[in-house]
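So the structure is just underneath, and the comments pick up after that.
The values are calculated or read from the model by the stated rules, or taken from the named source; none is laboratory data. Predicted model only: the values in this text are computed from it and were never measured. All Cβ positions, glycine included, derive from the backbone under ideal geometry; neighbour counts span all protein chains shown. The area values use the complete protein model at the heavy-atom level, side chains included, leaving out ligands, DNA and RNA. Shrake-Rupley method; radii C 1.70, N 1.55, O 1.52, S 1.80 Å.
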Amino acid sequence: MKKQTLTSLVSTVALVAFVSGCASSGVKNPSGVPVTHMNADEQGFVAGTGVESQDLVSVTDKMARSILAIQQIANAPTPPKIVLDPVNNNTRFPINKDIFNTRIRTELNKKSLGKVTFLARERMAALDKERNLKRTGEVTASADPKVQEFLGADYFLTGELQGLSTRTKAGTSDYILYAFQLIDARTSAIVWEDSAEIKKQGLEDAAYR
Amino acid sequence: MKVFLQAALAACLVGLAGCATKQPPLPLTGDIFRDAPMAIEKGPPRDKLLWQYRLALAEMRRGQLDAAKPVLDDALLTLGGVYGKDSDARKARKLFHKESKKTFIGEPYERAMAYFYRGILYWRAGEMDNARACFRSAEFEDSDAENNAFACDYVLLDYLDGFATAKLGGDGNDAFKRAEKNAKGAKPPAYDTKVNTLVFLDFGPGPTKYATGEYREQLHFRTVPSPVHSVQIQVDGIGANLKPMDDLNFQATTRGGRVMDHVLANKAVFKGTTDTIGDVGIFGGAAVLAATGGRDSTANQVGAGLLVAGLLSKIASAATTPEADIRCWEQLPQFLALGQFKLSPGQHTATINFLDSTGGTQPKFTKQITFTVPEGRDEVIYVSDQSTTPQTQ
């Protein structure tokens, strides 16, 4: 009799423990997921077949190295002045286009040690306003504000992203060609061009197919 | 007796296993601008994308196009990252979990529309190449139709792909030819890159989902006749009559079978089979037990075994969930159309009349939209028969 009572007690406790334990089961990651630091050039556990940070890093690294090696930059008597023209996105992925030029510019500025000068054309409205304030004497000027000192570009750096996408029962495949050009602003000659290619494939869970 | 206890315990365990995923229902009010933010923040994560779709479209229909942008952006991030292992999707394929357990991303026509609406907003922001990217992704969502004849057959998406390309100085002819080839209703007009005002229109009730089959394992789309068949726009004395270029009802119903349909069919077969085995076991076991008259014998034990096996089979059958996922972006329209105008920079007001099948105006749907055409950039307006009026965009 005592043995039966003990068995019943243990069973009841086990059942209660089981029931109370089930309250949070079924909730994915109930304790959360700690922040994971990733390098920008490595693929994380969240990935699609589109343009991602690791692609941006590898492509812009390659472009920056490639530009620095060309004669027009490496052997220029004075640092060439470059204007960035936003890349043209001809893929199926909407992207922040400026991020490519921004990273190429920062990489070039970092690695070229003054061999190139970038012009802040995207800031022209603010710059023009400041110059006008100086010209009207509303703010001080360290040089004669009437003299035209805004620089003209020697080169335009721009690029295009082109894509090919395929979807079959085996999955989705996306190929993206990242092509960048340095164009002589005076002659329109393309003085440098380089490209990088990235292909990704994936297949979603059957529940989504 | 011991056997019955074991069976009862098994039933208890199965019942408890089901309790894990229950969440109290959200106190929905029927007001999308209250319900959607609450559902996105506090509701089941698997429904978040659906509420984002709903909220974005509701914002667009009340003229708050900028408010729809971040909502759609977040939704498209999820939509673009569904590759590979997904524990919820895996569960949705299991016998004892419903399909609706998976994170909602929608059927291809719903995904396509999410990209389409984001494309409109990109164009409006002057990012024509990103708009084109969205239209391409939208068309891409339609690329795995069972019958190839119905794959990538949205007219407006191809038309806009080519139009954006032409406006960006490229050659949009290939896309235009695809649009022209797929056009079933109105033929798309030739590209005029001087057009500086685009009016995106949608109207009519779109497809909704329902389930049929013995266990509601078959997904189907319900379509109802639209009270609106065409649109008439008046801007500054310029009139345009527009017919739909795309029909979402057609898109939803021509996609063909899904891989998931096979999974659900297998679940349904399992449910039916285990149910039948359960019946046979219970009745057979009960008959044997009755025949032995409760005497302790081998036949009695066999009868009890059959009864327990039947009960377990019934429990397995009851726990099997082959129901198709019928969560649905029910605000979607049936028809899509595009108006194009060459207007001078400055403020304009458009009157949009929605017409029935006889060409008569449906006054309850008439809209007035005031907008400003900017210098050197396209103005993009979005109008639905469900939009609020008057609006300033």
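For (1) in contact with a Gly (Cβ under 6 Å, 6 or more places away or on another chain); (2) buried (at least 17 other Cβ atoms within 10 Å of the Cβ); (3) at pLDDT 90 or above; (4) farther than 26 Å from A:I99 by Cα, each residue gets a yes or a no:
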residue	(1), (2), (3), (4)
A:L133	no, no, yes, yes
A:T136	no, no, yes, yes
A:S142	no, no, no, yes
A:Q148	no, no, no, yes
A:G152	no, no, yes, no
A:G159	no, yes, yes, no
A:Q162	no, no, yes, no
A:T172	yes, yes, no, no
A:I176	yes, yes, yes, no
Residue list for the range B:86-118, filter: touching a Cys at 6+ places or on another chain (Cβ under 6 Å) and either of a type in the set (A, V, I, L, M) or facing chain A (nearest Cβ under 8 Å) (or both): B:R118
Qualifying residue in the range B:152-159 (condition: within 11 Å of chain A (Cβ to nearest Cβ), closer than 20 Å to A:T172 by Cβ and among the hydroxyl-bearing types (S, T, Y)): no
Filtered residue count, the range B:54-85, keeping only those that are of a type outside the set (D, E) and more than 14 Å from chain A (Cβ to nearest Cβ): 14
The lone exception for A:E52 - which of (1) within 14 Å of chain B (Cβ to nearest Cβ); (2) over 22 Å from B:R118 (Cα atoms); (3) open to solvent by less than 60 Å² (accessible area, probe 1.4 Å) it fails: (2)
Only one of B:G293, B:G278 that is on the phi > 0 side of the Ramachandran plot and among the small types (G, A, S): B:G293
The one condition in (1) surrounded by 12 or more Cβ atoms within 10 Å (Cβ to Cβ); (2) in a helix (DSSP H, G or I) that B:K181 fails to fulfil: (1)
Cross-chain or 6+ apart pairs with Cβ under 7 Å, the range B:99-127 first and under 13 Å from B:F200 (Cα atoms), then open to solvent by 10 Å² or more (accessible area, probe 1.4 Å) and in a helix (DSSP H, G or I): B:R118/B:L76; B:L121/B:K69
Identity of the residue in the range B:319-365, of a type in the set (G, A, S) and open to solvent by less than 40 Å² (accessible area, probe 1.4 Å), that ends up nearest to B:R258 (Cα to Cα): B:A324
Residue in the range B:277-290 that is part of a helix (DSSP H, G or I) and outside the structural domain of B:I315 (by TED's automatic domain parsing) present: no
Given (1) assigned to a strand (DSSP E or B); (2) within 14 Å of another protein chain (Cβ to nearest Cβ); (3) of a type in the set (V, I, T), index of the condition B:V199 fails: (2)
Subset of the range B:285-318 [within 30 Å of B:L264 (Cα to Cα) and open to solvent by less than 50 Å² (accessible area, probe 1.4 Å)]: B:L307, B:V308, B:G310, B:S313, B:I315, B:A316, B:S317
The range A:154-206 - residue that is among the acidic types (D, E) and under 17 Å from the mean Cα position of the chain (by Cα) and, of those, nearest to the other protein chains (Cβ to nearest Cβ): A:E160
Total residues in the range B:32-47, condition touching a residue at least 40 places away in the same chain (Cβ under 8 Å), farther than 23 Å from B:P333 by Cβ and buried (at least 16 other Cβ atoms within 10 Å of the Cβ): 1
Matching residues, the range B:144-164, being assigned to a helix (DSSP H, G or I), open to solvent by less than 20 Å² (accessible area, probe 1.4 Å) and either over 23 Å from B:D202 (Cβ atoms) or aromatic (F, W, Y) (or both): B:Y159, B:F163
Selection status of B:L248, away from chain A (no Cβ under 14 Å), under 22 Å from the mean Cα position of the chain (by Cα) and of a type outside the set (D, E, K, R): yes
Tally, over the range B:375-388, of residues that are open to solvent by 40 Å² or more (accessible area, probe 1.4 Å) and either within 23 Å of B:R118 (Cβ to Cβ) or not assigned by TED's automatic domain parsing to the domain that holds B:V195 (or both): 3
Residues that are assigned to a helix (DSSP H, G or I), open to solvent by 10 Å² or more (accessible area, probe 1.4 Å) and at the interface with another protein chain (Cβ under 10 Å from one of its Cβ atoms), drawn from the range B:122-140: B:Y122, B:M128, B:R136, B:E139, B:F140
Qualifying residue in the range A:73-92 (condition: more than 18 Å from A:Q181 (Cβ to Cβ), within 14 Å of chain B (Cβ to nearest Cβ), in contact with a helix residue (DSSP H, G or I) (Cβ under 6 Å, 6 or more places away or on another chain) and assigned to a loop (DSSP other than H, G, I, E, B)): yes
